[in-house]
Amino acid sequence: MNQKAGTLYIVATPIGNLEDITLRAIKTLKEVDLISAEDTRHTLKLLNHLEISKPLISYHRHNEDTKTDILIKELEQGKNIALVSDAGTPGICDPGEEVIKRCIEEDIKIVPIPGACAMINALICSGLDTKEFAFIGFLPLNKKNRKEKLEEIQNETKTTILYEAPHKLETTLKDLKEIIGDRKIVLAREITKIHEEYLRENIDELIEKAKDIKGEIVLILEGAKKNEEEPWTKVSIEEHYKYYEEKGLNKKEIIKQIAKDRNVNKNEIYQKFLER
Ligand code: SAM
């Protein structure tokens, strides 16, 4: 560990209710030399509320590279820095990753100051399985990447958590409906705020209401049933092939799909057909 360098504290801040800040977070914000904030104006409001006055440096997605260099220099000069985002835990769909990776490379100490995180609180109140879960964050907007991610969700057997903005909710619910059909879905919104609400309805009802759903949203989906994938292991490769042939897929597409269904390499399937 670089003994002369300062420490980077990753400080979680509230996701709505200003009382959701820990004593340790307040102490850290008071004691550090510098606070690195996603939006300095936003963080200033929190600091004013806590009666803390500290130098602020902006660190957001569009300046992550250059600001990482500055933060590393300050840390190397022995300064202690608190990294905060606009809400919740830095690094979770928020900036933080870059500077944390650089600190590890430069042997600089990193300390988490735990606190609010929307996905965890949505998950625990969802009533869905919490033993294992997959966090997706926001679905990609790029068409191809979005399709790939939706296909991943289709096969995901763990409870799956997504973030979404209200104006994109209807489209996202429709995309999800196409792939998850009747699986359970919970919409958690405005967690810790006045209009906090958990909608445990079926996806069609949510789609109908989507235009009127406002505020910050987390979607929690029940995982795919494990045995949904099993039927393929019970049929022969020929039957499997015929199934997709009748659906109009070409040979290349069929082989790719069979490999995916059976979770094997597509060359293996191709080889099997050559042998027969
Ligand atoms: N770093 C944050 C965290 O720890 O959860 C997430 C930041 S991400 C840019 C913002 C998204 O988180 C929102 O669009 C929403 O999906 C979710 N979110 C944040 N606060 C929320 C809240 N109070 N209620 C529901 N969802 C929230």
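The values are calculated or read from the model by the stated rules, or taken from the named source; none is laboratory data. The structure displayed is predicted, hence computed values, not measured ones. With ideal geometry, Cβ positions are generated from the backbone for all residues, glycine too; neighbour counts draw on all protein chains shown. Please note that ligands, DNA and RNA were not included when accessible areas were found on the heavy atoms of the full protein model with its side chains. Shrake-Rupley method; radii C 1.70, N 1.55, O 1.52, S 1.80 Å.
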Please verify whether LYS143 is open to solvent by 60 Å² or more (accessible area, probe 1.4 Å), in the same structural domain as THR40 (by TED's automatic domain parsing), among the basic types (Lys, Arg) and more than 10 Å from the ligand (Cβ to nearest atom), treating the condition exactly as stated. no
Could you give me the residue pairs with C-beta distances under 6 Å whose first residue belongs to the stretch 51-67 and is within 22 Å of ALA25 (Cβ to Cβ), whose second residue is open to solvent by 100 Å² or more (accessible area, probe 1.4 Å) wherever it lies, and which are 6+ apart or on separate chains? ILE52/LYS30
If the Cβ limit is 8 Å and pairs must be 6+ apart or interchain, which residue in the stretch 202-224 that is in contact (Cβ under 8 Å) with a residue 24 or more places away in the chain pairs with which residue that is surrounded by 20 or more Cβ atoms within 10 Å (Cβ to Cβ) and among the acidic types (Asp, Glu)? ILE217/GLU164; VAL218/GLU164; LEU219/GLU164
Please identify the pairs in which a residue from the stretch 101-123 that is more than 9 Å from the ligand (Cβ to nearest atom) and modelled with pLDDT of 95 or more has its Cβ atom under 7 Å from the Cβ atom of a residue that is open to solvent by less than 70 Å² (accessible area, probe 1.4 Å) and aromatic (Phe, Trp, Tyr), counting only partners at least 6 apart or on another chain. VAL111/TYR9; ILE113/TYR9
In the list ILE258, ILE203, ILE207, which residue meets the criterion of being over 20 Å from ASP175 (Cβ atoms), of a type in the set (A, V, I, L, M) and in contact with a helix residue (DSSP H, G or I) (Cβ under 6 Å, 6 or more places away or on another chain)? ILE258
Could you say whether any residue in the stretch 12-24 is on the phi < 0 side of the Ramachandran plot and more than 16 Å from the ligand (Cβ to nearest atom)? yes
